Amino acid sequence: RRSAVPDVVLAADATWHERAAAAEVRRYLYLRTGELPALREVRSLSRAPKRSIVLLEKDGALAPGLADAGAKAKVATLGAEDYWLKTLPGGDRRTVLVAGGSGPAVLYGAYQLAEKLGVRFGLEGDVVPDAPLDPASLALDLDETGRPLFAVRGIQPFHDFPEGPDWWTRENYKAILGQLPKL
C-alpha cells in the first residue's frame, strides 16, 4: 500500500544544506505521522512524485526546472537568509516547495515547515505533540516567505544561569549548537 505521507525530494547533486534540510523534514514527518517518507533524489523536477516536498536552494540544480514562471521568479528574488514555503498548483500533483536563498535558508524553511506540523523548538530541545497526525489528512496549503528577525543571532554569553558554558560538556555544547538554527 502506498503511503499517504509525501515523498521528500531533492536534487541528485544536492548541497550539504539541502541534504540536511531533507533529512530534517523527513525526520519530523516521521515523528508526526509515524510513517517514514521516501527520500527521492531527482535530476529534474518533472521526475518528482505527485505528492512531494521539494527542497532546493535558489542557485541549486533544481531551481531552473521550476515549471511555474511565478515560482521561478519568486525563488530568484530570495535573499541570502530568506526562505519560501509554497504549495505549487498542478492539477493532480501536490508539491510543497521549501526554497531558500542559500543553504542555511533552506534549513530555516525546513524548520518552519516542522512548526507547521506542530513541532516546537526550544533551547533545551524539540517539543513534538503526542497525538500523531493522520497522513491522509495532511493538508499543507502554504504560501509563506520568511527570514530571521535579526542579522546577528546567538545565545547570551554571560553566565547568569545556574549551569553556564563553563560547566558544559562537549555533548552540552553540541546539543545547544544543534538547536540554534531551529530558533
>> Residue under question is D160, and the condition is that it be at pLDDT below 90, open to solvent by 90 Å² or more (accessible area, probe 1.4 Å), part of a helix (DSSP H, G or I) and acidic (D, E); does it hold?
In response: no
> Among the residues of region 25-56, how many are of a type in the set (D, E, K, R) and open to solvent by less than 30 Å² (accessible area, probe 1.4 Å)?
Replying inline: 1
> Which pairs do you get when a residue that is farther than 23 Å from G164 by Cα, found in region 121-133, comes within reach of a residue that is assigned to a loop (DSSP other than H, G, I, E, B) and at pLDDT 90 or above, reach meaning Cβ atoms under 6 angstrom, with the pair 6+ apart or on two chains?
Replying inline: V128/V119; P129/G118; P132/G34
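Here are some residues: L113, L133. Which one is under 30 Å from K50 (Cβ atoms) and either modelled with pLDDT under 90 or in a loop (DSSP other than H, G, I, E, B) (or both)?
L133
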> If you go through region 3-23 one residue at a time, how many are outside any helix (DSSP H, G or I) and of a type in the set (A, V, I, L, M, F, W, C)?
Replying inline: 8
> Do we find that V127 is of a type in the set (V, I, T), within 17 Å of the chain's Cα centre (by Cα) and surrounded by 12 or more Cβ atoms within 10 Å (Cβ to Cβ) in this structure?
Replying inline: no
> Taking interchain pairs and intrachain pairs at least six residues apart, which have beta carbon atoms under 9 angstrom, with the first residue in region 1-30 and more than 15 Å from A110 (Cα to Cα) and the second of a type in the set (F, W, Y) and open to solvent by 30 Å² or more (accessible area, probe 1.4 Å)?
Replying inline: V5/Y30
>> Which numbered condition in (1) under 30 Å from S44 (Cβ atoms); (2) not in a strand (DSSP E or B) is the only one that T145 fails?
In response: (2)
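The values are calculated or read from the model by the stated rules, or taken from the named source; none is laboratory data. Remember, it's a predicted structure, so these values are computed and weren't measured experimentally. Every residue, glycine as well, gets a Cβ built from its backbone with ideal geometry; the counts of neighbours run over all protein chains shown. To get the accessible areas, we keep the full protein, side chains included, count just its heavy atoms, and leave off ligands, DNA and RNA. Shrake-Rupley method; radii C 1.70, N 1.55, O 1.52, S 1.80 Å.
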